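The values are calculated or read from the model by the stated rules, or taken from the named source; none is laboratory data. Everything numeric here is computed off the predicted structure, so don't read it as measured data. Cβ atoms come from the backbone with ideal geometry, glycine included; neighbour counts cover every protein chain shown.
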Amino acid sequence: MTAPASARSHRHADDLVRTLRGIFGNRLRSVVAYNVDRSEALSSLVLVTSLTLADLEACAARSHGWQRDHIATPLVLPDDEFRRSLDAFPLEYIEIARAHELLFGANPFDEVPIDRFDARRASETRIKSHLVHLREAFIEAGGIPRAIADLVTASAPAFGALLRNVARLNGSTATDRAAATRDGARTAGLSDSIVRDILALEQPSALKTTDAARLFPAYLAAVEQLAGYVDQWNV
């Protein structure tokens, strides 16, 4: 079995921390890496005690170097703002917490809980928005198979993310992306075949255009079922 990727294996991880310490000094509280297993770029959440325009300018001056070194633009937040935004972005923070690695300072996810009711509300909003989008986009496709296929293919990654959100709502601790996706599908009682076919579309040239178009009825039904599930969900 392949060992999971580590932010520490990124040859510029230590450089990122040194740079941030140079900018923020003793105001730097935490540096957390995430999405290490899904992207060559090193993504990070950076918490500081205060954030000024001068700090942003200092970070901006290093932006091109970070891009060159495959470091995504850090998400820099004052610590108190991070804590107050947990209810506004619960799903984003849950995803970061799912598979993160502490590079510097205190681990923010050891200190602050993410309310499951906030996560449930955000999940419901996203799932029902996805459902509305599918219906509207299908109408706009005008019955053209290629347009329907493009709709199904383009929305496949978002469908997977919705399933992982549902998995987290129900306490899944899977750190593997595929395992978490399957957990969410099973929890909502979705058909294994449609979930497998839709998620396969995340891989280039997984299915022919006409095959993707034929998936739409079952795909729509799966999203409707997912919306009904989360609508009735409670802690």
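Quick rundown of the values:
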read-out	value
Where a residue in segment 105-125 is at pLDDT below 85 and its partner, wherever it lies, is crowded, with 17+ Cβ neighbours inside 10 Å and not in a helix (DSSP H, G or I), with Cβ under 7 Å and at least six apart	Val112/Leu86; Ile114/Leu86
Residue within segment 84-92 that is among the charged types (D, E, K, R) and touching a residue at least 40 places away in the same chain (Cβ under 8 Å) present	no
Subset of segment 167-193 that is among the acidic types (Asp, Glu) and either closer than 11 Å to Ala222 by Cβ or in a loop (DSSP other than H, G, I, E, B) (or both) - its residue that is farthest from the chain's Cα centre (by Cα)	Asp192
Candidates Ala119, Ala158, Ala185, Ala167 - the one that is surrounded by fewer than 18 Cβ atoms within 10 Å (Cβ to Cβ), within 20 Å of Gly228 (Cα to Cα) and among the aliphatic types (A, V, I, L, M)	Ala158
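Residue-wise test of (1) of a type in the set (Lys, Arg); (2) without any contact (Cβ under 8 Å) to a residue 24 or more places away in the chain.
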position	(1), (2)
Val152	no, no
Leu169	no, no
Arg177	yes, no
Asp183	no, yes
Asp192	no, yes
Arg196	yes, yes
Ala212	no, no
Tyr219	no, no
